[in-house]
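Here the structure comes first, spelled out in structure tokens, and everything after it is commentary.
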Amino acid sequence: MNTILIVDDEYLIADILGFALEDEGYLVEKASNGRKALDALKEKRVELVITDYMMPLLNGEELVRAIRDELQLPDLPVILMSGAQANQGRICPELFAAVFDKPFDMDRMITTVRELLGT
Amino acid sequence: MSEPLKRLATGIDGLDTLLKGGLIAGASYIVQGPPGAGKTILANQLACNHVRGGGRVLVATLLSESHERLFQYLSTLEFFDPALVGDPIQFVSAFDALEQEGLDAVVSLLRQEIARQQASLLIVDGLLNARVRAQTSLDTKKFVSELQGHAAFAGCTVLLLTSARLQEGSPEHTMVDGVIELGEQLVGSRAVRHIQLRKTRGSGALSGLHECLIDQAGLRVFPRLEALYSHPGQSGVETFTRVCTGIAKLDEMLGGGVAKGSISLVMGPSGIGKTSLGLAFLAASAPDAPGLHFGFYETPARLRLKAAALGHDFAEREREGSLELCWQTTTEGLLDQLGAHLLDRVEALGAQRVVIDSLGAFSRLAFDPARLNAFFRALTGELRARDVSVLLTWEMRDIFGSEISAPAPDLSSIVDNLLLMRFVELESQLRRMVSVLKVRDSHHDPALHELCIGPQGIVLRKAFEGASGVLSGTPVPQGRD
């Protein structure tokens, strides 16, 4: 069973997305900021990361760079959930497997997750 | 020698005036008020203005509300620029840290985030949740104190937002440097927002309740005029000069016109010619001494027509810059907003003469009638200090009769010149009468004059000499029993 790590300081979004992914049969882990996400990734095997951009301690972009450089996980797919109104022009989309503007369509997110995990 | 405190301007109209220049840089403030009072708008407006001035902001929420939802609401307001979010303004949620690990974890998180963001302004939304999480009031004090300490170390000003109505003795109030309270009250069927500075440690401020509103521009604050102008801003003229009223005969009655920088009140019933008298007064405006009509009832188009009927080309006066017709509606608005707008227009135009038609409109916007006298005193005092000659009108309810109701108690002590207009029925004809009741520091002609309005303008002539009881409206010719 695939494990997905959701990283968001806004717990409601993490919870709602988590419930939807659990309904699809995935295992879900959650972290409220980038630093906690790195800790979780060191301890657990995770097949996919879905992260917010604007978070305490490490933002979404800093997190994905740390995943690649510190944890040496170049192939771990990372989906970014970005504020559509915020972060305009500040995100490097090539760092991410997909970028979703909040608020996003849950069906489209699940379809993208399935495609990335081949499930 | 004492040094002025460094201020952090909020950039919010009127609020910096209340705060005597802005928040004290590096200090901490509570912004409190019930849900919907405007705390979040105030904080985000301040954040955007602070960033535009080169600052950096950290907004931390202890609430479960989504940031995206907040951005959706803010995007309808002119001050909000989504491009500022994410870099100069960082929004983070500390709700999870609060829920999972408690207040110490929130302090630790915010300490790191202040440094990471290099924030010069920290906004913490949801102080009530911290209070709920605290086990004792000492925990709350410790939380606020530690947050203040870390922020002060980083040179960061702090705003703590809460929907709780914290009292003066609350742990939070004792810790912070200032308390800004936002509220709303129902007056009849209208909701009126207000703001109050409940605590301003080590700094002067305009105390008491002040009206405010929220529109597309965000929060706008209108300091109570009598608090703002408790001392007039300028010294006024030192020499006694006179200006004409635009009606030669009236100038004669007043002893040579009205004093420059004086306040004249014209009282009379509807239709008597108060507006026409005001138009004649403004017809004497010139490009180097412009006039302002601040009216509530007649549109500029109607005023131009009315002036044309009196032989004055107001459109040409407006084109040459010697006249402005400023029309206000009386359906909505705030008393101090109106006063501020009037003074702004006077300043912008450099107006030397102003007609306010009429004072009754101001009275209708006064939610606290007890304020009116102080309000008018401050408004006229400031206009007088700016050397503006003012003509005010006041509509009396009775078309006939000897009873005279004043617009506000003691108003006669505020005005320099008092003119009374009355309808008079004499020999089966309805006539207009004008008399000068008071001219400060000058002799005047107390005789009753008839006022005729026509294509030749306003003409005054001595009349009613053979009658008594003219002011009652139904004079009796002398010699008749």
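The values are calculated or read from the model by the stated rules, or taken from the named source; none is laboratory data. Bear in mind the structure is a predicted one, so any value in this text is a computation, not a measurement. Cβ sites come from the backbone with ideal geometry, for glycine too, and all protein chains shown count toward neighbours.
What to note about this one:
- Scanning segment B:45-73 for residues that are farther than 17 Å from B:VAL92 by Cβ and charged (D, E, K, R) turns up just one, B:ARG52.
- Out of B:GLU172, B:GLU113, sole residue that is within 22 Å of B:LEU42 (Cβ to Cβ), part of a helix (DSSP H, G or I) and over 39 Å from the mean Cα position of the chain (by Cα): B:GLU113
- Considering residues of segment B:93-103 that are within 10 Å of chain A (Cβ to nearest Cβ) and of a type in the set (A, V, I, L, M, F, W, C) only, the residue nearest to A:MET55 (Cα to Cα): B:ALA94
- Filtering B:LEU383, B:LEU379, B:LEU418, B:LEU372 for residues that are in contact with a Ser or Thr (Cβ under 7 Å, 6 or more places away or on another chain), assigned to a helix (DSSP H, G or I), at pLDDT 85 or above and not charged (D, E, K, R) leaves a single hit, B:LEU372.
- Any hit, segment B:11-31, residues being closer than 14 Å to B:ALA217 by Cα and among the charged types (D, E, K, R): yes
- Pick from segment B:74-92, criterion more than 7 Å from chain A (Cβ to nearest Cβ) and either under 31 Å from the mean Cα position of the chain (by Cα) or touching a residue at least 40 places away in the same chain (Cβ under 8 Å) (or both), ranking: surrounded by the fewest Cβ atoms within 10 Å (Cβ to Cβ): B:THR76
- Condition met for A:GLU94 (assigned to a strand (DSSP E or B), among the acidic types (Asp, Glu) and away from chain B (no Cβ under 12 Å)): no
- In segment B:184-196, the count of residues that are touching a helix residue (DSSP H, G or I) at 6+ places or on another chain (Cβ under 7 Å) and assigned to a loop (DSSP other than H, G, I, E, B) is zero.
Results for (1) free of Cβ contacts under 8 Å to residues at least 12 places away in the same chain; (2) surrounded by 20 or more Cβ atoms within 10 Å (Cβ to Cβ), shown as yes or no for each residue.
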{"site": "B:LEU334", "(1), (2)": "no, yes"}
{"site": "B:HIS341", "(1), (2)": "no, no"}
{"site": "B:ASP344", "(1), (2)": "yes, no"}
{"site": "B:GLY360", "(1), (2)": "no, no"}
{"site": "B:ALA370", "(1), (2)": "yes, no"}
{"site": "B:PHE375", "(1), (2)": "no, yes"}
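- Residues of segment A:32-63 that turn out to be of a type in the set (A, V, I, L, M) and either surrounded by 24 or more Cβ atoms within 10 Å (Cβ to Cβ) or part of a loop (DSSP other than H, G, I, E, B) (or both), as a count: 9
- Counting only strands (runs of 3 or more DSSP E) that sit completely within segment B:23-105, those holding 1 or more residues that are farther than 20 Å from A:SER82 by Cα and at pLDDT 95 or above correspond to B:28-32.
- When A:GLU62 is tested against the conditions (1) modelled with pLDDT of 90 or more; (2) in contact with an Asp or Glu (Cβ under 7 Å, 6 or more places away or on another chain); (3) within 13 Å of another protein chain (Cβ to nearest Cβ), the lone failure is (2).
- Residues of segment B:104-135 satisfying the condition of being within 14 Å of another protein chain (Cβ to nearest Cβ), among the polar types (S, T, N, Q) and surrounded by fewer than 18 Cβ atoms within 10 Å (Cβ to Cβ): B:SER108, B:GLN112
- Tally, over segment B:64-73, of residues that are facing another protein chain (nearest Cβ under 9 Å) and surrounded by 15 or more Cβ atoms within 10 Å (Cβ to Cβ): 6
- Checking A:ASP101 against (1) assigned to a loop (DSSP other than H, G, I, E, B); (2) farther than 24 Å from B:ALA119 by Cβ; (3) within 14 Å of chain B (Cβ to nearest Cβ), the condition it does not meet: (1)
- Which listed residue, of B:ALA309, B:ALA361, is assigned by TED's automatic domain parsing to the domain that holds B:ILE453 and under 27 Å from B:LEU219 (Cα atoms): B:ALA361
- Just one of the listed residues (B:GLY54, B:GLY38) is without any contact (Cβ under 8 Å) to a residue 12 or more places away in the chain and away from chain A (no Cβ under 14 Å), and it is B:GLY54.
- Subset of segment B:9-43 that is over 17 Å from B:GLU181 (Cβ atoms) and over 23 Å from the mean Cα position of the chain (by Cα) - its residue that is surrounded by the fewest Cβ atoms within 10 Å (Cβ to Cβ): B:ALA25
- Of the criteria (1) in contact with a His (Cβ under 8 Å, 6 or more places away or on another chain); (2) farther than 30 Å from B:GLY126 by Cα, which one B:LEU166 fails: (2)
- Lone unmet requirement of (1) part of a loop (DSSP other than H, G, I, E, B); (2) within 11 Å of chain B (Cβ to nearest Cβ); (3) hydrophobic (A, V, I, L, M, F, W, C) for A:ILE16: (1)
- Subset tally (residues that are under 21 Å from the mean Cα position of the chain (by Cα) and under 24 Å from B:ALA9 (Cα atoms)) for segment B:175-210: 17
- Some residue of segment A:67-89 being surrounded by fewer than 15 Cβ atoms within 10 Å (Cβ to Cβ), within 14 Å of chain B (Cβ to nearest Cβ) and at pLDDT below 95: yes
- Test: residue in segment B:136-151 that is over 17 Å from B:VAL59 (Cβ atoms) and part of a loop (DSSP other than H, G, I, E, B): yes
- When segment A:1-13 is filtered for residues that are in contact (Cβ under 8 Å) with a residue 60 or more places away in the chain and more than 9 Å from chain B (Cβ to nearest Cβ), the ones remaining, listed by number, are A:ASN2, A:ILE4.
- Residues being at pLDDT 95 or above, in contact with a Gly (Cβ under 9 Å, 6 or more places away or on another chain) and either within 14 Å of chain B (Cβ to nearest Cβ) or at negative phi (or both) are entirely absent from segment A:32-49.
- Residues that are in contact with a strand residue (DSSP E or B) (Cβ under 9 Å, 6 or more places away or on another chain) and not in a helix (DSSP H, G or I), drawn from segment B:288-305: B:ALA289, B:PRO290, B:GLY291, B:LEU292, B:HIS293, B:PHE294, B:GLY295, B:PHE296, B:TYR297, B:GLU298, B:THR299
- Taken over segment B:301-329, the residue count meeting the criterion of being surrounded by 14 or more Cβ atoms within 10 Å (Cβ to Cβ) and among the hydroxyl-bearing types (Ser, Thr, Tyr) is 1.
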